[in-house]
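The values are calculated or read from the model by the stated rules, or taken from the named source; none is laboratory data. Here the structure is a predicted model, which means the values were calculated and not measured. When we count neighbours, we look across all protein chains shown, and the Cβ atoms used for this are built from the backbone with ideal geometry, even at glycine. The area values use the complete protein model at the heavy-atom level, side chains included, leaving out ligands, DNA and RNA. Shrake-Rupley method; radii C 1.70, N 1.55, O 1.52, S 1.80 Å.
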Amino acid sequence: MIFKLIILGLVIYGVYILFIREGNLLDQVKEKTKRAASKAAEKEDAETVVECHKCGVYVSVDEAILKDGYYYCSKECAGVK
Ligand SMILES: [Zn+2]
């Protein structure tokens, strides 16, 4: 009887451990999916980066200053004050 109880306990423990591991695995998959999504978003941002005509620094188009058909990283580089 006691031996059977121990076996039963081990089986329950094993199932319990399996469920915990499976839960962690699911979390890891979710985490990876999130990271992949954020990386894809970063890539999209990187595509809109332009090089400063004066110093060669890369800036996003939103931050860049357009002057005489060239992009500049800052007002100093663009010669605007
Ligand atoms: Zn610059």
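Descriptive notes on the structure:
- For the chain, chymotrypsin sites (Phe, Trp or Tyr not before Pro) meeting the loop criterion (DSSP other than H, G, I, E, B) and having at most 10 other Cβ atoms within 10 Å: none.
- The chain: calculated mean residue ellipticity at 222 nm from DSSP helix runs of at least 4, using -39500 (n - 2.57): -21500 deg cm²/dmol
- DSSP loop GluC sites (Glu not before Pro) with at most 14 other Cβ within 10 Å: longest gap in the chain: 1-46
- For the chain, the longest principal axis of the alpha carbon atoms and the long axis of helix 2-46 meet at an angle near 10°.
- With every protein chain in place, the chain: carbon and sulfur % of accessible area (1.4 Å): 62 percent
- With protein chains left intact and a 1.4 Å probe, residues in the range 1-47 average 103 Å² of accessible area per residue.
- In the chain, lysine pairs closer than 17 Å at Cα, eight or more apart or cross-chain: 8
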